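Undergrad: Before I ask anything, here is the structure I am working with.
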Amino acid sequence: MLVIGVLAASFLGCKDQVTNTSETSPANLEHHLVVDLKDTGIKIQPTMYGIFFEDINFAADGGLYAEMIKNRSFEFTLPKIGWVEPNSDRHSFNNQSGIMSVVKYGGEGTNHNFARVEVRDPQGYVLINEGFKGMGVHEGAQYDLSLKAAKHSGDIQKIHFQLVDSLDQVLGEATILPDGRDWKTYDTSFTVFKTEMKAKAKITFEGKGEIDLDMISLFPKDTWKGREKGLRKDLVQLLADLHPGFLRFPGGCVVEGRTLARRYQWKKTVGDIEDREILINRWNTEFAHRPAPDYYQSFGLGFFEYFQLSEDIGAQPLPILGCGMACQFNTGELAPMDELGPYVQDALDLIEFANGDMNTAWGKVRAEMGHPEPFNMKYIGIGNEQWGPAYIERYMVFEQAIKSRYPEIVIVSGSGPFPEGDYFEYGWDQLKKLNAEIVDEHYYRPPQWFRENADRYDSYDRNGPKVFAGEYAAQSVATASPENRNNWDCALSEAAFMTGLERNADVVYLTSYAPLMAHAEGWQWTPDMIWFNNLQSFGTANYQVQKMFSTHAGTDLLSITENGEELIGQDGLYATVVKDATTNEIIIKVVNTSNGQQHISIGFGDEVLKGKVGVLTLAMDDPQAENSFADPLKISPKESVLELKKSKLDALLPPQALVIYRINI
């Protein structure tokens with residue numbers, strides 16, 4: 001993910017910042033196309049269309065990770081963030097009803113703090129947790145409450161936990177009976193009586209005295225696959241519906257950190273949830289237009305959960321690790337070459353965690369977490385958007401270490417944050433000399449750029465490294481602008497570009513839109529593929545384009561031409577065709593970016609094809625149209641059927657449309 005300081009200088013001067021997909025095109029142009037059914041020998045990789053996940057826009061805590069309590073273990077830098085004592089005077093040491101203090105544990109554990117609540121007036125003391133922009137709860141749904149408690153002094157007899165709305169009306173409640181001075185975990189469940197977008201947790205007490213609290217946690221019972229303390233079901237379903245070939249995680253710039261001390265360290269995200277040391281999110285104050293000082297990473301969604309999610313949705317796991325370089329848009333701090341050992345060891349240990357048997361040290365950790373079988377990881381990424389000699393120097397150390405021990409692991413390298421320029425050219429030149437396997441490219445550009453670059457990979461060296469189009473999204477205004485929209489103009493331009501990715505499947509092995517998710521009230525970066533609030537979620541027009549390509553990826557690339565030439569924007573038309581050996585279908589994808597209808601006639605050489613043609617059409621006459629919470633399927637595909645006539649497909653393409661034709665063979 002790019003950072004705004006550099007981008008403002010790089011892109012605000014670009015012309016065509018606000019573009020319109022509309023290409024001038026006379027109505028009802030005729031195009032006679034030919035699909036060659038001969039095998040090209042080019043396979044569509046199973047990883048062709050995948051998912052890039054980064055914890056930006058509150059995508060993990062407050063999003064995919066279904067925990068509803070913010071700062072559940074009082075570990076934030078300001079440890080009372082998320083917690084409110086509405087009846088207490090914060091500036092007085094003589095609060096009549098009671099007071100909460102944050103106390104540090106003794107010793108060297110990773111769970112550093114707990115709350116000590118002194119209740120002086122049980123009728124007056126209240127403790128509130130505000131959740132992540134509130135708490136979304138559903139009528140009739142069950143919720144699991146868990147907390148740790150220990151009586152310190154006096155006699156607190158009951159802890160009352162309630163979910164309440166803005167008028168303090170109770171939506172659901174449970175009571176816990178603390179029974180000793182030693183730490184103990186208490187679990188219970190309750191049902192909510194009413195749907196509410198912005199509920200909050202209210203804790204009251206019976207009795208007087210001091211009681212210690214920690215790990216106060218609330219989850220919906222109905223999580224993805226019903227896992228306790230698991231993932232938000234509707235969001236995972238949107239991911240599963242993409243049928244992704246891979247899941248790249250955990251980012252993004254969160255991998256690097258602003259400083260090396262604040263980098264993502266995967267070993268701190270596995271094991272017992274309580275022992276996972278939290279970290280301030282590097283996106284918390286990155287953008288002046290969307291500061292989020294309460295943005296932390298609890299790592300309840302950690303590397304084990306990422307691997308498990310990949311397995312759940314049938315995707316290859318693709319973890320990205322730091323290479324001893326903090327984000328170069330921030331400090332650019334470097335680990336000295338003679339101190340790179342721990343970073344390299346992290347990579348080797350991660351492969352063991354994912355693939356090692358239970359007799360290995362890290363394979364045992366995985367097994368103890370509930371997954372004795374290996375995750376069969378095939379790919380690992382080294383660095384995110386690093387550039388320059390410092391990256392190449394460090395990449396070489398990682399490559400040598402990984403390949404010497406795990407030669408079967410495919411290593412993903414990076415070409416920097418931009419799709420052209422000095423950083424990009426230097427990175428590609430060096431990585432090509434090193435015989436790198438896969439090079440990650442990122443591009444955040446105006447819609448017109450995507451339409452004009454559908455031929456980007458036509459000239460790439462077929463014998464060089466393969467390409468991972470790891471982060472891309474059309475920017476309707478300017479890169480990193482808070483005004484960017486997920487409109488149809490952007491989505492259709494990406495569809496045009498994706499025909500070029502697919503048409504060059506012998507070079508392009510992996511692709512993913514970015515960023516993936518955004519909370520409607522917690523975002524930092526736009527545009528984003530999936531939007532959600534505390535109760536709802538929807539896929540944008542960009543999501544619908546990605547889904548159409550990923551669920552119709554096929555297995556073998558074929559050729560489609562007009563007058564011997566491939567369609568790469570002539571009269572606003574773009575096309576690609578694949579065979580799916582598993583379904584025995586020909587799949588033709590055509591994108592019409594013009595304002596006019598266009599008539600296409602598709603022949604198949606000497607082949608005789610008969611029967612019906614399944615048609616999936618994604619079209620919208622307004623390039624600024626968007627999906628929304630109010631109308632989540634405004635831009636969504638419509639199914640229809642055509643009949644082959646004399647072994648030809650005749651069709652009228654709508655203006656501004658992506659159309660997929662499926663033909664049985």
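Undergrad: Checking the structure you have, find out if any residue of the stretch 366-373 is within 30 Å of residue 472 (Cα to Cα) and not polar (S, T, N, Q).
TA: Checking the stretch 366-373: not a single residue is within 30 Å of residue 472 (Cα to Cα) and not polar (S, T, N, Q).
Undergrad: Right, next: Give the residue, chosen from 242, 235, that is in a helix (DSSP H, G or I) and surrounded by 18 or more Cβ atoms within 10 Å (Cβ to Cβ).
TA: 235
Undergrad: Is it fair to say residue 46 is more than 25 Å from residue 300 (Cβ to Cβ) and out of contact with any Ser or Thr (no Cβ under 8 Å at 6 or more places or on another chain)?
TA: yes
Undergrad: Further, regarding this structure: Output the number of residues of the stretch 34-54 satisfying the condition of being part of a loop (DSSP other than H, G, I, E, B) and under 20 Å from residue 542 (Cβ atoms).
TA: The number of residues fulfilling the criteria is 5.
Undergrad: Let me ask something else about it. Of all the residues that make up the stretch 450-459, how many are among the small types (Gly, Ala, Ser) and surrounded by 16 or more Cβ atoms within 10 Å (Cβ to Cβ)?
TA: If we filter the stretch 450-459 for residues that are among the small types (Gly, Ala, Ser), which is where we start, we get 454, 459.
Filter once more, keeping what is surrounded by 16 or more Cβ atoms within 10 Å (Cβ to Cβ): 454.
The number of residues fulfilling the criteria is 1.
Undergrad: Answer with yes or no whether residue 10 is under 30 Å from residue 416 (Cα atoms) and modelled with pLDDT under 95.
TA: yes
Undergrad: Being under 30 Å from residue 503 (Cα atoms), among the small types (Gly, Ala, Ser) and surrounded by fewer than 18 Cβ atoms within 10 Å (Cβ to Cβ) narrows it down to one residue among 370, 383, 421, 414; which is it?
TA: 421
Undergrad: With the condition being without any contact (Cβ under 8 Å) to a residue 40 or more places away in the chain and crowded, with 19+ Cβ neighbours inside 10 Å, I'd like the strands (runs of 3 or more DSSP E) fully within the stretch 87-153 carrying at least 2 qualifying residues.
TA: 98-104
Undergrad: Now for a different question. Contact list please: Cβ distance under 7 Å, first residue in the stretch 592-607 and outside the structural domain of residue 578 (by TED's automatic domain parsing) and under 26 Å from residue 451 (Cβ atoms), second residue at pLDDT 95 or above and in a loop (DSSP other than H, G, I, E, B), pairs at least six apart or on different chains.
TA: Listed by first residue and then by second, the contacts come to nothing, as the list is empty.
Undergrad: When you check residue 247 against the structure, is it hydrophobic (A, V, I, L, M, F, W, C), closer than 29 Å to residue 633 by Cα and assigned to a strand (DSSP E or B), yes or no?
TA: Values: hydrophobic (A, V, I, L, M, F, W, C): yes; closer than 29 Å to residue 633 by Cα: yes; assigned to a strand (DSSP E or B): yes.
The answer is yes for residue 247.
Undergrad: Test residue 254 against the stated conditions and say whether it is under 26 Å from residue 511 (Cα atoms), under 19 Å from the mean Cα position of the chain (by Cα) and assigned to a loop (DSSP other than H, G, I, E, B). It would help to see each step written out before you state the result.
TA: Numbers: under 26 Å from residue 511 (Cα atoms): yes; under 19 Å from the mean Cα position of the chain (by Cα): yes; assigned to a loop (DSSP other than H, G, I, E, B): yes.
Against the criterion (under 26 Å from residue 511 (Cα atoms), under 19 Å from the mean Cα position of the chain (by Cα) and assigned to a loop (DSSP other than H, G, I, E, B)), residue 254 qualifies.
Results for (1) buried (at least 24 other Cβ atoms within 10 Å of the Cβ); (2) assigned to a loop (DSSP other than H, G, I, E, B), shown as yes or no for each residue.
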position: 288; (1), (2): no, yes
position: 291; (1), (2): no, yes
position: 317; (1), (2): no, no
position: 320; (1), (2): yes, no
position: 323; (1), (2): yes, yes
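Undergrad: Just to be sure I understand the filter: pairs with C-beta atoms under 6 Å, separated by 6 or more residues or on different chains, first member in the stretch 381-392 and assigned by TED's automatic domain parsing to the domain that holds residue 337, second member among the polar types (S, T, N, Q). Which pairs pass?
TA: Here the result reads 392/430, each pair linking the stretch 381-392 to a residue that is among the polar types (S, T, N, Q).
Undergrad: Another question, if that's okay. What number goes with the only condition from (1) more than 19 Å from residue 67 (Cα to Cα); (2) in a strand (DSSP E or B) that residue 202 does not pass?
TA: Of everything listed in (1) more than 19 Å from residue 67 (Cα to Cα); (2) in a strand (DSSP E or B), residue 202 misses just condition (1).
Undergrad: On the basis of being without any contact (Cβ under 8 Å) to a residue 60 or more places away in the chain and either assigned to a strand (DSSP E or B) or touching a helix residue (DSSP H, G or I) at 6+ places or on another chain (Cβ under 9 Å) (or both), does residue 175 make the cut?
TA: It is true that residue 175 is without any contact (Cβ under 8 Å) to a residue 60 or more places away in the chain and either assigned to a strand (DSSP E or B) or touching a helix residue (DSSP H, G or I) at 6+ places or on another chain (Cβ under 9 Å) (or both).
Conditions tested, residue by residue: (1) under 25 Å from residue 304 (Cβ atoms); (2) in contact with a Cys (Cβ under 8 Å, 6 or more places away or on another chain); (3) at pLDDT 95 or above; (4) of a type in the set (A, V, I, L, M, F, W, C).
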site	(1), (2), (3), (4)
331	no, no, yes, no
341	yes, no, yes, no
344	yes, no, yes, yes
355	yes, no, yes, no
370	yes, no, yes, no
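One line per residue, one yes/no per condition, for (1) of a type in the set (D, E, K, R); (2) under 17 Å from residue 553 (Cβ atoms); (3) surrounded by 24 or more Cβ atoms within 10 Å (Cβ to Cβ):
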| position | (1), (2), (3) |
| --- | --- |
| 448 | no, no, no |
| 461 | yes, no, no |
| 466 | yes, yes, no |
| 485 | yes, no, no |
| 500 | no, yes, no |
| 506 | yes, yes, no |
| 519 | no, no, no |
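The values are calculated or read from the model by the stated rules, or taken from the named source; none is laboratory data. Keep in mind that what you see is a predicted model, and the values were worked out from it rather than measured. Every residue, glycine as well, gets a Cβ built from its backbone with ideal geometry; the counts of neighbours run over all protein chains shown.
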